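Below is one structure; the comments refer to it alone.
The values are calculated or read from the model by the stated rules, or taken from the named source; none is laboratory data. Since this is a predicted model, take the numbers as computed values, not measurements. All Cβ positions, even for glycine, are placed from backbone atoms using ideal geometry, and neighbour counts span all protein chains on display.
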Amino acid sequence: MDKPTSKMVADAHSVGPAASRVVDEVMARIAVRFTRVEPRLAVRDFVRSLMAAVDRKNCWQLAEGAGHERFSRMQRLLRETVWDAEAVVQDAPQRPSRCARSAVAADPRPS
């Protein structure tokens, strides 16, 4: 996929600013569980893509939603990156803050 098309697909699958605040809140809590910056960036992209309004959520769709040209980063995160999933679940907020929930509910996704 060429770069302009990749950017266009990413824009179509992106989340609004309120959802970005939720991603920031989650990442602030779980980032310490990933020792390298590359997995942290991949996790941020992964979470943002999961929140986007796409019909199917496979590595290819998630990678496109994140603006990646290939899906290898998402696959590497899921297959090869060493991280403690139980610790991430414990660190992640069980419920996003009330402010973030309200903002997401009121924020229409970009069209």
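Laid out as a table, the results:
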item: Any hit, the stretch 48-69, residues being modelled with pLDDT of 90 or more and surrounded by fewer than 19 Cβ atoms within 10 Å (Cβ to Cβ); result: yes
item: Boolean, ASP84 is at pLDDT 90 or above and surrounded by 18 or more Cβ atoms within 10 Å (Cβ to Cβ); result: no
item: Any chance VAL32 is at pLDDT 90 or above and not charged (D, E, K, R); result: yes
item: Filtered residues of the stretch 27-45 (kept if assigned to a helix (DSSP H, G or I), crowded, with 20+ Cβ neighbours inside 10 Å and hydrophobic (A, V, I, L, M, F, W, C)); result: ILE30, ALA42, VAL43
